[in-house]
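Colleague: This is the structure I have questions about; it appears just below.
The values are calculated or read from the model by the stated rules, or taken from the named source; none is laboratory data. The shown structure was predicted, so the numbers you read here are calculated from the model rather than taken from an experiment. For neighbour counting, all protein chains shown are included, and Cβ atoms are generated from backbone atoms with ideal geometry for every residue, glycine included. Note: accessible area is taken over every heavy atom of the protein model, side chains too, but ligands, DNA and RNA are not part of it. Shrake-Rupley method; radii C 1.70, N 1.55, O 1.52, S 1.80 Å.
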Amino acid sequence: MNTVAGRMRIAHGVEQVPESEWQDLVVGHPALRLEVLKAITNTAIRPIKLRFFLLEDHLGLAAAAVCEPIARSAAHNPLDALLLGRAAEPARRLGMSSGPALVFHTPLRRQAPVLLRAAHPSEQRQVLDSLLDAIEEHAARLEYGIAFVGVTVEDQLLWSALRSRRYLDSEFDATACMQIDWADFDGYVNHLRARSKNAERTARTERSRNRRCGVSIRQLPFAAADAYGLYAILRDHYRYKNGTEPPYGPEFLTRLAASLGNDLLIFEAVRDGKRVAALVVVRSGSVGWTAMIGLELRDRPNDFTYANLLFYHTATWAPALGLKTLLYGTGVQRAKLKRGCRLLACHLYYRPGRPIGRIVAMPFLRIHQAWMRRKYR
């Protein structure tokens, strides 16, 4: 490890993370705010044991990485789930697993789990190399593999560092983001017009139709939101889209509201006095993360409530709230492209714990990447 850049320690849980220094490090990364990580670990429907690899120097916290250590016999392995999908559980029963491994990922979001203190890129690269050296030494002592999940080309330093260290690489899906460089809805449709006249026309038509169908969208203080009713619509939509329970329990939103205050933004769509959709956004600096969305499943006329809540209304309120970037998830990517988002391919960088593991993993990841590219393109 490069001792010039500092020393590493491992925090076993969010309670051991230096709060003020962490909050300075994660500005612009809503999903990695300590309040979010505390809420998910305290309300998760399965135990989540996060570890925080912290690189500290004479100025304080220089870099950090969020990790979920996975034992070989773990009942839930996020790396297996990513690589094998529905086959992960049958494979585990047969004794086939990527564990044990240190899986560096961001709970609830596709995002690089490594954070660096603002500095000149050459200094950041030194700090990053020191952090990666320490992680690799720790993994080697345990005979664990290492996986970094959610790295995009915009994470340039981490991207190049992992490639230079010969980590195996596979692209597995894409996340979406929208850069807000307008002041109102008319500015937003001008942005769409630069891409396609049809996109502008579609936005105006769908917005007008939503209003004619009697749907109104408003920001809602959490205290007035009916916490369980809000959770229920988000939960039911998650079940419908994913075929499983959301990873958090009903207290998740209550904890977030208590700790985030005005940085937890809640919007609801109402028709005939009834909530038909809800959106939860977590804010950090000028970045907003559309963390959760829910639509009523039993009464869904073709009134474009989804598009209005997630895109057209957000395009109107985001500038007023000081947001320059909106982060979206990995689903319905064509719809996001049509409505002004950029797609960023997410990569997995993987180093098996033993040399024989690399021999096995290399051809598998090539097949995996080819299959995923065919699926998403």
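Colleague: Check off (1) assigned to a helix (DSSP H, G or I); (2) on the phi < 0 side of the Ramachandran plot; (3) open to solvent by 20 Å² or more (accessible area, probe 1.4 Å) for residue 256 and give me the number that stays unchecked.
Modeller: Here residue 256 clears every test but (3).
Colleague: Looking at the stretch 1-98, what helices (runs of 4 or more DSSP H) fall wholly within it and have at least 2 residues that are within 18 Å of the chain's Cα centre (by Cα) and modelled with pLDDT under 90?
Modeller: 78-84
Colleague: Restricting the search to the stretch 296-334, which residues are open to solvent by 30 Å² or more (accessible area, probe 1.4 Å), without any contact (Cβ under 8 Å) to a residue 60 or more places away in the chain and assigned to a helix (DSSP H, G or I)?
Modeller: Correct list: 306, 320, 334.
Colleague: Starting from residues that are surrounded by fewer than 21 Cβ atoms within 10 Å (Cβ to Cβ) and more than 10 Å from residue 233 (Cβ to Cβ), keep the ones in the stretch 268-282 and report whichever is nearest to the chain's Cα centre (by Cα).
Modeller: Filtering first and then ranking leaves 270.
Colleague: For the stretch 233-258, give me each residue that is of a type in the set (Gly, Ala, Ser) and either in contact with a His (Cβ under 9 Å, 6 or more places away or on another chain) or modelled with pLDDT of 90 or more (or both).
Modeller: Start the filter on the stretch 233-258 by keeping residues that are of a type in the set (Gly, Ala, Ser), which leaves 243, 249, 257-258.
If the condition is that a residue be of a type in the set (Gly, Ala, Ser) and either in contact with a His (Cβ under 9 Å, 6 or more places away or on another chain) or modelled with pLDDT of 90 or more (or both), then 257, 258 are the ones that fit.
Colleague: For the stretch 169-195, which residues satisfy the criterion of being open to solvent by less than 40 Å² (accessible area, probe 1.4 Å) and part of a helix (DSSP H, G or I)?
Modeller: Matches in the stretch 169-195: 185, 187, 188, 189, 192.
Colleague: So which residues in the stretch 196-218 are basic (Lys, Arg) and either surrounded by 14 or more Cβ atoms within 10 Å (Cβ to Cβ) or in a helix (DSSP H, G or I) (or both)?
Modeller: Correct list: 197, 201, 204, 207, 209, 211, 212.
Colleague: Hey, could you check the stretch 151-168 for residues that are closer than 27 Å to residue 319 by Cα and either out of contact with any Ser or Thr (no Cβ under 9 Å at 6 or more places or on another chain) or in a strand (DSSP E or B) (or both) and say which is least open to solvent (accessible area, probe 1.4 Å)?
Modeller: By that ranking, first place goes to 155.
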